[in-house]
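One structure is given below, encoded as C-alpha cells.
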C-alpha cells in the first residue's frame with residue numbers, strides 16, 4: 001500500500017496539531033525529517049528539518065507493524081498548532097512521495113489488516129459522531145468489538161452444528177447413526193434465540209443512534225414557536241401575533257440529559273388556510289406523524305391529529321390564562337418548562353436501551369436473514385446443513401468476514417480525514 005498521512009486534529013489554530021503517517025515508508029520518512037528514532041511507543045522531542053531548515057520541534061512517536069492502529073508502521077508528529085506548521089510538514093511529506101489520506105482510510109486499513117472488524121469500525125464512526133452520553137455509550141460497545149465477539153461465538157456454534165450434520169450424512173452407511181443429533185437442534189435454537197433478542201432491541205438502538213424527534217403541534221398562535229425559543233434559551237423561531245407565521249418546519253437539536261432530541265416547531269394546524277400555509281400544514285402533519293413524540297400545545301388543552309398514545313397535551317400561556325394544571329406552561333415566565341422537559345425525558349428514556357448491540361440497518365438485515373435461515377425443521381440433512389451454512393455466512397457478513405465489499409466505501413467515507 002501507499003504510505004499516507006493526514007492531520008489527525010481539527011484544522012485551524014490550536015495548542016497541538018497531530019500529523020499521522022501510516023505505511024511501509026513511515027519510519028524511513030520520519031527519520032529523514034527527525035533523525036534516528038528511539039524505541040517504539042516512546043515519545044521523543046525532535047527537531048523536524050527539511051532542506052536544512054528547522055520546521056518545528058515536536059514530539060515524535062512511532063509504532064511497529066502489527067502494533068499500531070492500522071496494523072502498519074505508524075509515526076505521529078505532535079506539532080505546535082499553527083496552521084502554517086502543518087502546511088509546511090505536509091509539503092515536506094508530499095515531496096518524499098507520500099500522499100494525503102482519504103476520509104476513513106486509516107480505519108479502513110485497520111479493518112483490512114485485521115485490527116478491527118466491520119461492526120467495530122461502524123461503532124467507531126458512531127463514536128466520532130456521538131453528541132450525547134447515551135450515544136457515546138451505545139457506540140463504545142460497538143467500537144470495543146462486542147458485537148463482533150458475540151457474532152464469532154455464535155458462528156462457532158453453527159460450525160459445530162454443521163459438522164455434526166455432515167457426520168450424519170457422510171457416515172450414514174457406517175456405524176455412526178444417520179439421524180441428526182439432538183445437539184444440532186439445541187445449538188440452532190440457542191443461536192436463533194440470541195439473534196431474535198438482538199432484533200428486538202434494534203429499533204430502539206437505531207432511534208438512539210439517530211436521535212429522537214419531538215414535534216410541537218397545535219393551532220395558530222398557540223405559542224409553539226415561543227416554547228421552542230424557551231427550550232433553546234435563545235431566539236430560534238420568529239414569534240408574531242400574526243396567525244400562520246410559521247410555514248416551514250424549524251428544528252432544534254438538544255442534549256436532553258444524554259438523550260439526543262430534535263424539537264420540531266410546525267405550522268399552526270387549522271382549516272381554510274391559503275395555499276402556501278396549507279402546504280406547510282400538510283408538511284407539519286406528515287412530519288409530526290413520524291415523530292417519536294408529539295406535544296399538543298393549545299390554550300384550552302385540546303389535542304389535534306395526528307395523535308398517538310403517550311403524546312403530551314399541554315396548555316400554553318399559563319401566565320395569561322392562569323388555568324394551571326399539571327401540564328400548563330408559560331414560555332414567557334418559564335413556568336412549567338422544566339417539568340415538561342422532565343416528562344419528555346422520562347417518556348423517551350423508557351424507549352431507550354442500555355444493552356443493545358445492533359444499531360445499524362446493515363447489521364439488522366444480516367441478523368434477520370440468519371434467523372430466517374435457522375427457521376427450519378423436518379427437512380433432509382442436506383438442506384439443514386445448507387441452512388446452518390447460510391446463517392453462519394450472514395453472521396460473518398455482519399463483521400466483514402464475508403460479502404462486505406459493497407458496504408466499505410459507504411461506511412468509511414463517513415469518517416473524517418485523519419481517521
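Can you give me the relative contact order of region 1-103 as a percent, contacts being Cα pairs under 8 Å and 6 or more apart? Working shown, then result.
Numbers: 201 pairs, mean separation 34.2, N = 103.
Computed over region 1-103, the figure is 33 percent.
Nearest 5 percent is fine: what portion of the DSSP beta bridges confined to the chain is antiparallel?
For the chain, the DSSP antiparallel bridge percentage is about 65.
Which residues among region 25-40 fall inside the zone where the amide N is under 17 Å from a point 7 Å beyond the Cα of residue 112, along Cα→Cβ?
Correct set: 25-26.
Can you give the extra length, in nm with one decimal, that the chain gains between residue 251 and residue 389 once fully stretched, where that is 0.36 nm per residue apart less the Cα-Cα distance? Working shown, then result.
Values: separation 138, 0.36 × 138 = 49.68 nm, distance 4.69 nm.
Net length gain for the segment: 45.0 nm.
Based on other C-beta atoms within 10 Å, arrange 279, 259 from fewest to most. Spell out each step's value before the answer.
Numbers: 279 14, 259 21.
So the residues, fewest neighbours to most, are 279, 259.
At what distance in nm do the modelled label points of residue 342 and residue 417 sit from each other, each positioned 7 Å from its Cα along Cα→Cβ?
Each label point lies 7 Å from its Cα, and together they span 4.8 nm.
What percent does the relative contact order of the chain come to when contacts are Cα pairs within less than 8 Å and at least six residues apart?
17
Suppose the chain between residue 182 and residue 59 were pulled fully straight at 0.36 nm per residue; how much longer would it get relative to their current alpha carbon spacing?
Working: separation 123, 0.36 × 123 = 44.28 nm, distance 6.13 nm.
Here the segment from residue 182 to residue 59 would lengthen by 38.1 nm.
Applying 1/(1 + (r/R0)^6) with R0 = 30 Å to the Cβ-Cβ distance of residue 163 and residue 67, what FRET efficiency is obtained, to the nearest 0.05? Working shown, then result.
Values: r = 35 Å, r/R0 = 1.17.
Given R0 = 30 Å and the Cβ-Cβ separation, E is 0.30.
Kindly put 264, 59 in sequence by how many other C-beta atoms sit within 10 Å of each C-beta, fewest to most. If you can, show how the numbers build up before the last one.
Details: 264 22, 59 14.
Ranked by crowding around the Cβ, least crowded first: 59, 264.
Assuming R0 = 60 Å, can you tell me the calculated FRET efficiency for the pair residue 199 and residue 90, based on Cβ-Cβ distance, to the nearest 0.05? Before the final figure, lay out each step's value.
Values: r = 46 Å, r/R0 = 0.77.
It comes to 0.80.
In whole Å, what is the distance between the alpha-carbon centres of region 108-141 and region 55-74?
21
Tell me which label goes with the value of Kirkwood radius over Cα pairs in Å computed from the coordinates here: (i) 24.0; (ii) 21.7; (iii) 25.9.
So the calculated entry is the one marked (iii).
Between residue 375 and residue 100, with labels modelled 7 Å along Cα→Cβ, what's the label distance in nm to one decimal, could you check?
Placing both labels 7 Å beyond Cα along the Cβ direction yields 4.9 nm.
Provide 116, 398, 140 in ascending order of the number of other Cβ atoms located within 10 Å of each residue's Cβ, fewest first. Present the calculation step by step, with values, prior to reporting the outcome.
Values: 116 23, 398 33, 140 15.
So the residues, fewest neighbours to most, are 140, 116, 398.
Where the centre of each part is set by its Cα atoms, how far does region 88-105 sit from region 340-419, in angstrom?
Computed from Cα coordinates, the inter-centre distance equals 36 Å.
Run the quick spin-label model on residue 41 and residue 156: label points 7 Å from Cα toward the beta carbon, then report their separation in nm to one decimal.
With each label placed 7 Å out from Cα toward Cβ, I get 2.6 nm.
Where a number appears in this text, it was derived from the coordinates with a stated rule and is not lab data. Remember, it's a predicted structure, so these values are computed and weren't measured experimentally. Heads up, the Cβs are rebuilt from the backbone with ideal geometry, glycines too, and the neighbour counts pull from every protein chain shown.
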